[in-house]
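Asks: Sharing a structure here in structure tokens format.
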Amino acid sequence: MKDIVYASLAAWGQGWDFETVAARGELLGRALWRLLPARREMACEAMTRLLGLEPEQARAVARESFGHNGRSFLEILLAHRVDKRFLHDRLRIVDPTGLEVMGTHRGPVVAVTAHLGAWELLGPMFDLLLPEREKQIVVRRPKDQPLHELTTRLRTRPNLEVLDHRNAAPKVLRCLRRGGITAFLVDHNTSTSEAVFLPFLGRIAAVNMGPALLALRAGALIQPGFLLREAQGGYALHTAPGLDTRTLGGSREARIHQVALFYTQAVERMVRQYPNQWYWLHKRWKTQPPEGWTYRPPQS
């Protein structure tokens, strides 16, 4: 029954245009602001402590971020509308260098992004912009099986494979070793067994080392990319200079640290620049290192 309900709601939502999703996403964000007081206060406190905002300013930015989060939840319904017209009418590429590198680099690429801005639209957008490349995205699987099946269907395109993060490594390595592109969201909390502990916005966070390990094994280029919302329904693609993992030296631990720190800092720079578009609802710093642990970057 649940799968029928989800499918019906998705079919209804896929009839919405960008403006409708924006308006209803804002309404959803307002509802979340009222219904989730603990998360609301968590976001305000984090902005005050980690970004140095005054309490009233933090509250205003946090409230705006809830509106963006509501839009992010609904933008998966717009994936099928990301077409050539979208690229022409709505997309601004801030610096084409990163995109050009992804298109011309003949080796494997690990693309990294965050729960920032319109992240649900990045997959179909890259599918259009890089049509010749084999592409995958790795996502966290929700516990709700019908929801997992629906979101996988909405995200999948003929030239874009969607992988559950559990047991994804063999498929990812095969794609990368064929010179493909695999994309990861790298800003979520993770378990201690999967983590390397690194500073993020001035506080130690558990950073998923999986993308770093796979990139190192494949000798991949790490390429950050983020899709931010702009006024009048526009979107801006931001990329940053990549990191070629083949150039790294040192121990295995040191190289994992270098790669994970590279993509964590890329996310941090964007969050500091666009705090109103990041997913502050998430308990990002939930997993912490053992008592007495001290951050010491490994020696090369």
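The values are calculated or read from the model by the stated rules, or taken from the named source; none is laboratory data. The structure presented is a predicted model; accordingly, all values stated were derived computationally and were not measured. Glycine also receives a Cβ, built like all others from the backbone with ideal geometry; neighbour counts cover every protein chain displayed.
Listed here are the residues, each with its yes/no results for (1) out of contact with any Leu (no Cβ under 6 Å at 6 or more places or on another chain); (2) β-branched (Val, Ile, Thr); (3) within 28 Å of residue 106 (Cα to Cα); (4) outside any strand (DSSP E or B).
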residue	(1), (2), (3), (4)
187	yes, no, yes, yes
198	no, no, no, no
206	yes, no, no, no
237	no, no, yes, no
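Asks: Inside the range 81-132, can you point out the residues that are buried (at least 20 other Cβ atoms within 10 Å of the Cβ), out of contact with any Lys or Arg (no Cβ under 9 Å at 6 or more places or on another chain) and more than 27 Å from residue 13 (Cβ to Cβ)?
Replies: 98, 110, 112
Asks: Out of the residues in the range 242-259 that are modelled with pLDDT under 95 and assigned to a loop (DSSP other than H, G, I, E, B), which is surrounded by the fewest Cβ atoms within 10 Å (Cβ to Cβ)?
Replies: 249
Asks: Might you check whether a residue that is assigned to a helix (DSSP H, G or I) and closer than 20 Å to residue 222 by Cβ occurs anywhere in the range 78-97?
Replies: From the range 78-97, those assigned to a helix (DSSP H, G or I) are 78-81, 84-89, 97; that's our starting set.
Retained after the next criterion (residues that are closer than 20 Å to residue 222 by Cβ): 97.
So far as the range 78-97 goes, yes, one or more of its residues are assigned to a helix (DSSP H, G or I) and closer than 20 Å to residue 222 by Cβ.
Asks: Oh, and also: Would you confirm, using the coordinates I've provided, whether residue 299 is more than 14 Å from the chain's Cα centre (by Cα), at negative phi and free of Cβ contacts under 8 Å to residues at least 12 places away in the same chain? Write out each step before concluding.
Replies: Working: more than 14 Å from the chain's Cα centre (by Cα): yes; at negative phi: yes; free of Cβ contacts under 8 Å to residues at least 12 places away in the same chain: no.
Spelling it out, it is not the case that residue 299 is more than 14 Å from the chain's Cα centre (by Cα), at negative phi and free of Cβ contacts under 8 Å to residues at least 12 places away in the same chain.
Asks: Scan the range 171-182 and give yes if some residue there is of a type outside the set (A, V, I, L, M), surrounded by fewer than 17 Cβ atoms within 10 Å (Cβ to Cβ), part of a helix (DSSP H, G or I) and in contact (Cβ under 8 Å) with a residue 12 or more places away in the chain, otherwise no. Reasoning before the result, please.
Replies: Quick first cut of the range 171-182, residues of a type outside the set (A, V, I, L, M) only: 171, 174-175, 177-180, 182.
Filter once more, so that each one left must be surrounded by fewer than 17 Cβ atoms within 10 Å (Cβ to Cβ): 171, 174, 177-179.
Filter once more, so that each one left must be part of a helix (DSSP H, G or I): 171, 174, 177.
Checking the rest, the ones that are also in contact (Cβ under 8 Å) with a residue 12 or more places away in the chain come to 171, 177.
Yes, because at least one residue in the range 171-182 is of a type outside the set (A, V, I, L, M), surrounded by fewer than 17 Cβ atoms within 10 Å (Cβ to Cβ), part of a helix (DSSP H, G or I) and in contact (Cβ under 8 Å) with a residue 12 or more places away in the chain.
Asks: Moving on. Answer with yes or no whether residue 240 is touching a Ser or Thr at 6+ places or on another chain (Cβ under 6 Å) and of a type outside the set (Asp, Glu).
Replies: Values: touching a Ser or Thr at 6+ places or on another chain (Cβ under 6 Å): no; of a type outside the set (Asp, Glu): yes.
So residue 240 does not fit the description; no.
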